[in-house]
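Here's the structure we're looking at; comments come further down.
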Amino acid sequence: RQRPGVQSIMHTHPPYISALSMLGVPLKVSHMDTSMFYEDCAHLPTWPGPPIGDEEGEIISAALGNKRSILLAHHGQLCACKTVEEAAVLSLHIERAARLQLLAMSAGTIQDIDPEHARAAHDYRLKPQPLGATFHYYARQVLRIDPDCLK
């Protein structure tokens, strides 16, 4: 209701995003491959407890604001997008972004990315053609592994 353009929401608890969520730090975008989250990933810094009723949804919706994704403290991630394809690609890539961040944090201080380049890469990565190509790449991999998965 808060975001009429959102037609697909994906919420997961993958290992790297879950580990990052335990540290209480937001996602730090500092790599070209994670630029789709630049200025487009919210952070809910406190866990509101077990999801009972509509309260958690209201808290997450407020924290998400107008962004496409959110890192949920002590919980996981959520992507709220226009299409299933966009939500799926962001949900896959936020896990990769968390993994890269944890690896970088273990080696030293993460350097900031140039904002102008990050915004340009963000906008490019979220255009329908590159987004569709990424989604179809993963879809082909799944179909190759399990050709009957859609039956």
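Filter the range 126-151 for residues that are aliphatic (A, V, I, L, M) and assigned to a loop (DSSP other than H, G, I, E, B) and give the result.
Selection gives Leu126, Leu150.
Working carefully through the options Ala87, Ala97, Ala107, find the one that is at pLDDT 95 or above and open to solvent by 50 Å² or more (accessible area, probe 1.4 Å).
Ala107
Output the number of residues of the range 1-23 satisfying the condition of being part of a loop (DSSP other than H, G, I, E, B), more than 15 Å from Glu86 (Cβ to Cβ) and open to solvent by 40 Å² or more (accessible area, probe 1.4 Å).
Residues that pass the stated criteria total 4.
Could you tell me how many of the residues in the range 65-84 are open to solvent by less than 20 Å² (accessible area, probe 1.4 Å) and either free of Cβ contacts under 8 Å to residues at least 60 places away in the same chain or in a loop (DSSP other than H, G, I, E, B) (or both)?
Residues flagged as open to solvent by less than 20 Å² (accessible area, probe 1.4 Å) and either free of Cβ contacts under 8 Å to residues at least 60 places away in the same chain or in a loop (DSSP other than H, G, I, E, B) (or both) within the range 65-84 amount to 5.
Being in contact with a His (Cβ under 9 Å, 6 or more places away or on another chain), open to solvent by 20 Å² or more (accessible area, probe 1.4 Å) and at pLDDT 95 or above is the filter here, so list the residues in the range 30-43 that pass it.
Passing the criteria: Tyr38, Glu39.
Taking the range 49-64 on its own, how many of its residues are among the hydrophobic types (A, V, I, L, M, F, W, C) and either loosely packed, with under 15 Cβ neighbours inside 10 Å or assigned to a strand (DSSP E or B) (or both)?
Here the count works out to 2.
Pairs needed: first member in the range 102-117, farther than 22 Å from Ser21 by Cα and part of a helix (DSSP H, G or I); second member anywhere, open to solvent by 70 Å² or more (accessible area, probe 1.4 Å) and not aromatic (Phe, Trp, Tyr); C-beta distance under 9 Å; at least 6 residues apart or different chains.
Listed pairs, sorted by first residue: Pro115/Glu39; His117/Met32.
Is there a residue in the range 77-84 that is among the charged types (D, E, K, R), closer than 14 Å to Ile9 by Cα and touching a Cys at 6+ places or on another chain (Cβ under 8 Å)?
There is no residue in the range 77-84 that is among the charged types (D, E, K, R), closer than 14 Å to Ile9 by Cα and touching a Cys at 6+ places or on another chain (Cβ under 8 Å).
The values are calculated or read from the model by the stated rules, or taken from the named source; none is laboratory data. The model shown is predicted, which means the values in this text are computed figures rather than measured ones. Here the Cβ is made from the backbone with ideal geometry for all residues, glycine too, and neighbour counts use every protein chain on show. Quick note on the areas: whole protein, heavy atoms, side chains included, nothing else; ligands and nucleic acids left out. Shrake-Rupley method; radii C 1.70, N 1.55, O 1.52, S 1.80 Å.
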